[in-house]
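Read the structure below first, then the notes.
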Amino acid sequence: MTEPNKQVIKRQIHEPFGHRVGVYDLGCSPSVNKWLIDRAYILDKFSRENADVFKKIPGGEMGVRTKYNDNHESFIGAHTWIMNRCHNFPGFPQELLGKIMTCVYDYAKYIGMALNTKSNSALYMERCWPTIIKPGDVIKGHNHAVHIFSSAYYPKLLPKQGNLWIDRGESYQDQVLYEPNKGPAERIQLEVKTGQFIIFPSVVLHGTEPNNSKEDRISYSFDFDSVGYAYKLPPPNLVNEAWQDFNLTLANIGLMEALSE
């Protein structure tokens, strides 16, 4: 589990429709942002060139594109199986992970989440994936209701590439994915900038405005969950077996080799 940094990171809190949304300026080095951008294109390229391989993997039947955007040249790693754990891939910047976990714990404390001790309950990064949205495309409305917190980081964001929006939506009790044109048409835009990390409860309905620039819009998304005595505590052998299968799959499909190039 990546340890939170002790560094104080500038924080703003917005409350669209009563949802507390944290906005943090991470101040990552240019080399970290460049690495993230380059890696996003490597994963996109691999997913295109190995589409048939993904369809043969359990859980990969969806293929390598997604219903949450209209341009099939866009890439949302969450929906290309095994791409949504990229924080566990070799070389992922520890500088970024440490700063993000600092923000996550700060946000959890701000909203009053009970985290008594590290052994009793701890937060961890469950999923991470890159997204490349082509000019003219959007990320359609959705939520990540099975998790606790969801978030996004922007290694590069140009003017007119599309703000994040938050929708009032319907009741979250059913925890269903957002359906376009369903619920009150009330939406608030949050202006985001390069180097910012945005975090909010996973049930919040969100998406992006159109990318009206001439360049790709690149971001990374993260989901967070909890583990510990007070929360989930899976058997070690079950976790070990799952990660062995995960790493074996990375090697078998050739992704590990592609990441080392």
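Brief remarks follow.
- Residue count for the stretch 73-96, restricted to those that are open to solvent by less than 10 Å² (accessible area, probe 1.4 Å) and either among the basic types (Lys, Arg) or assigned to a helix (DSSP H, G or I) (or both): 3
- First in the stretch 247-261 and touching a residue at least 40 places away in the same chain (Cβ under 8 Å), second anywhere and assigned to a helix (DSSP H, G or I) and of a type in the set (Phe, Trp, Tyr), Cβ under 7 Å, 6 or more apart: Leu255/Phe46; Ala258/Phe46
- Members of the stretch 123-138 that are surrounded by fewer than 19 Cβ atoms within 10 Å (Cβ to Cβ) and either of a type in the set (Val, Ile, Thr) or more than 21 Å from Pro155 (Cα to Cα) (or both): Tyr124
- The set of residues in the stretch 247-260 that are among the polar types (S, T, N, Q), more than 21 Å from the chain's Cα centre (by Cα) and surrounded by 11 or more Cβ atoms within 10 Å (Cβ to Cβ) comprises Thr249, Asn252.
- Reported count of residues in the stretch 104-162, each being outside any strand (DSSP E or B) and closer than 25 Å to Tyr68 by Cβ, is 22.
Per-residue answers, yes or no, for (1) assigned to a loop (DSSP other than H, G, I, E, B); (2) acidic (Asp, Glu); (3) crowded, with 17+ Cβ neighbours inside 10 Å:
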site: Asn212; (1), (2), (3): yes, no, no
site: Ser219; (1), (2), (3): no, no, yes
site: Asp223; (1), (2), (3): no, yes, yes
site: Ser226; (1), (2), (3): no, no, yes
site: Tyr231; (1), (2), (3): yes, no, no
site: Leu238; (1), (2), (3): no, no, no
site: Glu241; (1), (2), (3): no, yes, no
site: Asp245; (1), (2), (3): no, yes, no
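The values are calculated or read from the model by the stated rules, or taken from the named source; none is laboratory data. Please read these numbers as outputs of a predicted model, since none were measured by experiment. Quick reminder, even Gly has a Cβ in these numbers, built from the backbone with ideal geometry, and neighbours come from all protein chains shown. Accessible surface areas use protein heavy atoms only, side chains included; no ligands, DNA or RNA. Shrake-Rupley method; radii C 1.70, N 1.55, O 1.52, S 1.80 Å.
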